[in-house]
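Colleague: Structure in structure tokens, see below.
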Amino acid sequence: MAAELSTSININEPRWDQSTFVGRAIHFFTVTDPRNILLTNEQLALAHRIITDYRQGIVSPGLTEDELWRAKYVFDSAFHPDTGEKMILIGRMSAQVPMNMTITGCMMTFYKTTPAVLFWQWINQSFNAIVNYTNRSGDAPITVGQLGTAYVSATTGAVATALGLNALTKHVSPLIGRFVPFAAVAAANCINIPLMRQRELQHGIPITDENDNRLGESTKAAQQAISQVVVSRILMASPGMAIPPFLMNHLEKKAFLKKFPWMSAPIQVSLVGFCLVFATPLCCALFPQKSSMSVSRLEPELQEKIRANHPRVERVYFNKGL
């Protein structure tokens, strides 16, 4: 009879070493695997039960270590790390590749008219707003009013930026024009992410010591978390929006696309998808999910509180979001 699985495996941390880029990359290739969006509610419920039971010291009969880790990654792909709630399907990181390849491919195909730019940038920023809310840091609730204000301001700002950039490039070469969607997305991310996560900037995000003991909420930690996410998202979009324009500019001069112009969008979407399969996990891995900062960089009053109650703590840790 096989021995029962040990209850000492630390499933609160990823399976691979998160202090290295390679370890984080392997972790995020698993987290962002698009196949995770095909999981049924029953499969998610089973993973949730296995992980919840294991954290309480209960091991499912016959459970192996590989099955435990598989359940852990299924659990992490669908449930928020701070709130524990099931995340909106299209807001999960596993939906990033199929959703972004479709939206980005269409943005880069239909970029020549103002109505097309307006529509696809609105679609893109609405999707980004969902992703930014779904992957926010912290467990404090956000009201419908706050969410609505953040969505309207983020989407309006991002779409206005896209239209402004599009107007500036009316008289440049077609190749330069193809890069307008990327410039708009990069600028819009700088607007959308902070606005959708503005509550964190106003009230702070939970910070802990290395043993996950909660020490308070910090706006300085929120600033670092959000800035890292903005950088990751811009770089994530870069390959899919920088490489296909060159290829499409070349392909559209060939006889094939002149004969079958309707193939332009599917080809563009496929090229973007190929880039995103690699760019999404690799750019998520640029910074540790469990980010940290020195106590000396926190707000003065929070520094005093930590040094008074936890004098040995030198660094604090927090979930930066995705």
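Residues checked against (1) touching a helix residue (DSSP H, G or I) at 6+ places or on another chain (Cβ under 7 Å); (2) free of Cβ contacts under 8 Å to residues at least 12 places away in the same chain:
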residue	(1), (2)
Leu247	yes, no
Lys254	no, yes
Phe278	no, no
Leu282	yes, no
Ser291	yes, no
Ser294	no, no
Arg297	yes, no
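Colleague: Applying the selection to the stretch 204-233, what residues are touching a helix residue (DSSP H, G or I) at 6+ places or on another chain (Cβ under 7 Å) and in a helix (DSSP H, G or I)?
Modeller: Correct list: Thr219, Lys220, Ala222, Gln223, Ile226, Val229, Val230, Ser232, Arg233.
Colleague: Since Ala308 meets every condition but one in (1) out of contact with any helix residue (DSSP H, G or I) (no Cβ under 9 Å at 6 or more places or on another chain); (2) touching a residue at least 40 places away in the same chain (Cβ under 8 Å); (3) aliphatic (A, V, I, L, M), which condition does it not meet?
Modeller: (2)
Colleague: Now for a different question. Select from the stretch 307-322 the residues that are among the hydrophobic types (A, V, I, L, M, F, W, C) and within 11 Å of Ile207 (Cβ to Cβ) and list them in ascending order.
Modeller: If the condition is that a residue be among the hydrophobic types (A, V, I, L, M, F, W, C) and within 11 Å of Ile207 (Cβ to Cβ), then Val313, Val316, Phe318 are the ones that fit.
Colleague: I need a count of the residues in the stretch 6-46 that are assigned to a loop (DSSP other than H, G, I, E, B), within 22 Å of Glu210 (Cα to Cα) and open to solvent by less than 50 Å² (accessible area, probe 1.4 Å).
Modeller: Adding up the residues that qualify gives 4.
Colleague: Answer yes or no as to whether Ala237 is modelled with pLDDT under 75 and within 24 Å of the chain's Cα centre (by Cα).
Modeller: It is false that Ala237 is modelled with pLDDT under 75 and within 24 Å of the chain's Cα centre (by Cα).
Colleague: Filter the stretch 145-166 down to residues that are β-branched (Val, Ile, Thr), surrounded by 16 or more Cβ atoms within 10 Å (Cβ to Cβ) and closer than 12 Å to Ser126 by Cα, then give me how many there are.
Modeller: Within the stretch 145-166, residues that are β-branched (Val, Ile, Thr), surrounded by 16 or more Cβ atoms within 10 Å (Cβ to Cβ) and closer than 12 Å to Ser126 by Cα number 2.
Colleague: OK, next. Scan the stretch 81-103 residue by residue and report those that are farther than 18 Å from Asn12 by Cα and of a type in the set (D, E, K, R).
Modeller: Arg92, the sole residue that qualifies.
Colleague: Given the condition farther than 30 Å from Pro311 by Cβ, over 17 Å from the mean Cα position of the chain (by Cα) and surrounded by 17 or more Cβ atoms within 10 Å (Cβ to Cβ), answer yes or no: does some residue in the stretch 190-204 qualify?
Modeller: Yes, the stretch 190-204 contains a residue that is farther than 30 Å from Pro311 by Cβ, over 17 Å from the mean Cα position of the chain (by Cα) and surrounded by 17 or more Cβ atoms within 10 Å (Cβ to Cβ).
Colleague: Oh, and also: Could you run through the stretch 212-239 and say how many residues are on the phi > 0 side of the Ramachandran plot and exposed (fewer than 12 other Cβ atoms within 10 Å of the Cβ)?
Modeller: 1
The values are calculated or read from the model by the stated rules, or taken from the named source; none is laboratory data. Model, not experiment: these values are computed from the prediction. Cβ coordinates were reconstructed from backbone atoms using ideal geometry, including for glycine residues, and neighbour counts include every protein chain displayed. All accessible areas refer to the heavy atoms of the entire protein, side chains included, with ligands and DNA or RNA removed. Shrake-Rupley method; radii C 1.70, N 1.55, O 1.52, S 1.80 Å.
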